[in-house]
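My questions all concern the structure below.
The values are calculated or read from the model by the stated rules, or taken from the named source; none is laboratory data. Remember, it's a predicted structure, so these values are computed and weren't measured experimentally. All Cβ positions, even for glycine, are placed from backbone atoms using ideal geometry, and neighbour counts span all protein chains on display. Each accessible area value is taken on the protein alone, full model and side chains, heavy atoms only, with ligands, DNA and RNA left out. Shrake-Rupley method; radii C 1.70, N 1.55, O 1.52, S 1.80 Å.
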Amino acid sequence: MNKPLPTIEGISPSRKWLPAGAWATILDYLKEQFPEVETDVWLSRMAKGRVTDERGNRLDAKTPYRAGACILYYRELLFEKKIPFIERVIYRDEHILVADKPHFLPVNPAGQFLRETLLVRLKRSENLDNLVPLHRIDRETAGIVMFSLNPATRGAYASLFNDRKVTKVYEALAGHNPALCFPLSRRSRMTAGEPFFRMREAEGEPNSETRVELIERKTDINLYRLNALTGKKHQIRLHLSALGIPIINDKFYPKVCPNGEDDFLNPLKLLAKSIAFADPISGRERCFESDRKL
């Protein structure tokens, strides 16, 4: 059996299982599945041996389509914007790695980001092919992200997040609403909103909860401590906006900013300050905290 595609400069191959269909060749399928990728690009990748099946066999323009097969290939971007901020590894052992992520840097490759992501940067700088994030924070949010680097214990650490056994504390600079008394909890039902990347609150049984505490009053802007008891997309951003205290520099809530370009001088004032949990392997109480300030 041939060797599978390796991780190259922190970039692992993408995998796609082929569905039932009437495509004559795998190239025909790829052209239809990824219309934004030119045929010559696929042919170039194939010629370099960078498109294979699950057994490591190289695929070319004439390889017949086979439903149920798994193909591996490297995702490429013609242009990728440089994120001019640096992450920092604050802890690493044989099981986990904890990083302090800067604003604007995505955790995982997606869309227009590949090399400029926390995962790929750490795979490259730490030489860790098996690195996998155990949770995620928004690209616009800075702060603590924890990774698994040992497949044998990955499930034990992932269960901490799935079972809500991790205490996640955030800090935010946001507006002032004199009608609010702190501490308080915001509970609501969150569903997909419009446009597709936003969330909204809806009628029905709450599926999200955020506890909000006032740390410091700063005229019309306050510093808040937030405990996310659930992990819904954009939960803290939406909850603070719904309370009438939107986070400073939030381009999505309460309204979408028409200018979608990153403003590196004015990041979202939201920080994943710390995570704490009982280590499932050692039993020790763990707490990791970001050094970043808002």
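Table: residues versus (1) modelled with pLDDT of 95 or more; (2) in a strand (DSSP E or B).
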position: Leu119; (1), (2): yes, no
position: Asp129; (1), (2): no, no
position: Phe147; (1), (2): yes, yes
position: Tyr170; (1), (2): yes, yes
position: Pro178; (1), (2): no, no
position: Glu205; (1), (2): yes, no
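Now a separate question. Out of all the residues in the stretch 100-117, which are in a loop (DSSP other than H, G, I, E, B), under 13 Å from the mean Cα position of the chain (by Cα) and farther than 11 Å from Ile83 by Cβ?
Answer for the stretch 100-117, where residues must be in a loop (DSSP other than H, G, I, E, B), under 13 Å from the mean Cα position of the chain (by Cα) and farther than 11 Å from Ile83 by Cβ: Val107, Asn108, Pro109, Gly111, Leu114.
Moving to a separate point now. Hey, does the stretch 43-59 have a residue that's surrounded by 20 or more Cβ atoms within 10 Å (Cβ to Cβ) and of a type in the set (D, E, K, R)?
The answer is no; no qualifying residue exists.
Is it true that Ile96 is within 19 Å of Gly10 (Cβ to Cβ), open to solvent by less than 30 Å² (accessible area, probe 1.4 Å) and aliphatic (A, V, I, L, M)?
Spelling it out, Ile96 is indeed within 19 Å of Gly10 (Cβ to Cβ), open to solvent by less than 30 Å² (accessible area, probe 1.4 Å) and aliphatic (A, V, I, L, M).
For Ile137, state whether it is closer than 30 Å to Asp93 by Cβ, open to solvent by less than 30 Å² (accessible area, probe 1.4 Å), part of a loop (DSSP other than H, G, I, E, B) and not charged (D, E, K, R).
yes
Yes/no per residue for (1) crowded, with 18+ Cβ neighbours inside 10 Å; (2) within 28 Å of Pro195 (Cα to Cα); (3) free of Cβ contacts under 8 Å to residues at least 60 places away in the same chain; (4) under 19 Å from the mean Cα position of the chain (by Cα):
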{"site": "Leu240", "(1), (2), (3), (4)": "yes, yes, no, no"}
{"site": "Gly244", "(1), (2), (3), (4)": "no, yes, no, no"}
{"site": "Phe252", "(1), (2), (3), (4)": "yes, yes, yes, yes"}
{"site": "Lys255", "(1), (2), (3), (4)": "no, yes, yes, no"}
{"site": "Leu268", "(1), (2), (3), (4)": "yes, yes, no, yes"}
{"site": "Ala276", "(1), (2), (3), (4)": "no, no, no, no"}
{"site": "Ile281", "(1), (2), (3), (4)": "no, no, no, no"}
{"site": "Ser290", "(1), (2), (3), (4)": "yes, no, no, yes"}
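Sticking with this structure for a sec: Considering the stretch 108-118 alone, what residues qualify as being open to solvent by 20 Å² or more (accessible area, probe 1.4 Å) and either among the hydrophobic types (A, V, I, L, M, F, W, C) or over 16 Å from Phe79 (Cβ atoms) (or both)?
Residues satisfying the conditions are Asn108, Ala110.
Taking the stated definitions as given, is Glu126 free of Cβ contacts under 8 Å to residues at least 12 places away in the same chain and either over 30 Å from Glu216 (Cβ atoms) or open to solvent by 40 Å² or more (accessible area, probe 1.4 Å) (or both)?
In short, no.
Any chance the stretch 20-35 includes a residue that's of a type in the set (Val, Ile, Thr), surrounded by fewer than 17 Cβ atoms within 10 Å (Cβ to Cβ) and in a loop (DSSP other than H, G, I, E, B)?
Scanning the stretch 20-35, I find no residue that is of a type in the set (Val, Ile, Thr), surrounded by fewer than 17 Cβ atoms within 10 Å (Cβ to Cβ) and in a loop (DSSP other than H, G, I, E, B), so the answer is no.
Return the pairs, sorted by first residue and then second, in which the second residue is among the basic types (Lys, Arg) and part of a loop (DSSP other than H, G, I, E, B), the first residue lies in the stretch 191-203 and is touching a residue at least 24 places away in the same chain (Cβ under 8 Å) and closer than 18 Å to Ile236 by Cβ, the beta carbons are less than 8 Å apart, and the residues are 6+ apart or on different chains.
That search, which allows pairs on different chains as well, returns Met199/Lys232; Met199/Lys233.
What pairs come up if the first residue lies in the stretch 156-176 and is at positive phi, the second is at pLDDT below 95 and not small (Gly, Ala, Ser), and their beta carbons are under 9 Å apart, counting only those six or more places apart or on different chains?
What qualifies is Arg164/Leu229; Arg164/Thr230.
Going through Leu229, Leu294 one at a time, which residue ends up being of a type in the set (A, V, I, L, M, F, W, C) and within 19 Å of the chain's Cα centre (by Cα)?
Every option except Leu229 fails the conditions.
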